[in-house]
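The values are calculated or read from the model by the stated rules, or taken from the named source; none is laboratory data. Being a predicted model, the structure only gives us computed values, none of them experimental. Here the Cβ is made from the backbone with ideal geometry for all residues, glycine too, and neighbour counts use every protein chain on show. Each accessible area value is taken on the protein alone, full model and side chains, heavy atoms only, with ligands, DNA and RNA left out. Shrake-Rupley method; radii C 1.70, N 1.55, O 1.52, S 1.80 Å.
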Amino acid sequence: MKTIGIDIGGTQLRAAVIDENYNIIETYKTKNDRTVTCEENMDKLISFILSKKEEFKGIGIGCPGPLNLKNGSVIDPPNLIGWDGFEIVKYVREKTGMRVELNNDANCAGLAEALLGKGKGYESVCFMGLSTGLGGAYVYQGKLVNGAHGNAAEWWNMMVNDDPYGHKNANPGSLNEQSAGSGLQAAAERAYGRSMEPKELFELYYKNDEKAVRIIERGVNALARGIANVTCVIDPDVIIVGGSIAIYHPLYMKMAIERSKQYLLAPESLHVEPALFGDDAGLVGAALLLAD
Ligand code: ADP
């Protein structure tokens, strides 16, 4: 039976019909409209689902965290304005009559990579999505490890040095603040005294600009520690890395992987792979939440 996958994002909402082999056969996209309520935004996706007039196995939802996985609600994700406290599982279940499963977007992407992407066939799979923030997932024996409170594998908030800068949701010295897009951007803006996207920062780095080299080097060192710390705790078969920054700047990743080996007990066993899926990982992974 087919499944519906939903991917909630700060700017875009997507729903897809996904077949038994986890191929996406139809997608619907709409803007996450901040001028209407979260219920009205969800109703657009629900109308798409109900227009299908066929029976589905259920609906899997990937949504930015933090989430309350116990009661299926959204807590207060910084990039989802107006969705705080939304009991999304209850709402979608009542409107569609279907089984509904929820998890955070990075966990969904990691699940897709673990079961169908570069993690296929491995028992212990870590995932890092390095884009605006650094999302994470851990899949063991084919199942997401959520932790006691739904906060396992949140690598982004792991502290890797004494850098004093953080923001509301990320610790000072955290992996997110040193290595991911938002943190690199903040560091660049402090150093250059003007707005600067990570894309420009990397361009300056490749031209050997002193400030950019300092920021990117710090990002690499932090990421190296992050990869090593994750390995110390989990010793996974494979760490899969996806996200725009990893895709556009493989050198950044390559340097981090090499540097992390100095911190490992068994550096030869470190196995890092670039992600197989792009943007669709979240949708496919959301559908996989119903795979049992
Ligand atoms: P999301 O974070 O919502 O998954 P994206 O995958 O588009 O969105 O990632 C956006 C992040 O990647 C931002 O921090 C952006 O500045 C950064 N980014 C986009 N293109 C580039 C690039 N060419 N070089 C470096 N960073 C980039």
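Some notes on this structure:
- Val36 sits among other residues whose Cβ lies under 15 Å from its own Cβ, and their net charge, with Lys and Arg +1 and Asp and Glu -1, is -1.
- Each DSSP beta bridge with both residues in region 118-275 is either parallel or antiparallel, and the antiparallel ones are about 60%.
- Over 25 Å apart at the Cα level, from the set Lys31/Lys120; Lys199/Lys261; Lys31/Lys90; Lys31/Lys254, are Lys31/Lys120; Lys199/Lys261; Lys31/Lys254.
- The accessible surface of the chain, taken with every protein chain in place and a 1.4 Å probe, is 50 percent carbon and sulfur.
- Considering all C-alpha pairs of the chain, those separated by over 37 Å amount to 15%.
- At least 27 Å along the helix axis (C-alpha) and Kyte average at least -1.0, DSSP helices within the chain: 210-234
- Each residue of region 138-153 is assigned a 3J(HN,Hα), and the resulting list reads 10, 10, 10, 6, x, 10, 5, 9, 8, x, 5, 10, x, 10, 5, 6 Hz, derived from the Karplus form 6.51 cos²θ - 1.76 cosθ + 1.60 (θ = phi - 60°), x at Gly and Pro.
- Pairs of Cα atoms nearer than 8 Å and 6+ residues apart set the relative contact order; for the chain it is 20 percent.
- Model label points for His271 and Arg93, set 7 angstrom from Cα along the Cα-to-Cβ axis, are 3.8 nm apart.
- Among beta bridges that DSSP assigns inside the chain, antiparallel share in %, nearest 5: 60
- Rolling a 1.4 Å probe over the heavy atoms of the protein chains gives the chain an accessible area of 47 Å² per residue.
- Separation of the Lys52 and His167 label points, Cα + 7 Å toward Cβ, nm: 3.5
- If you sort Arg14, Arg194 by accessible surface, 1.4 Å probe, largest first, the order is Arg194, Arg14.
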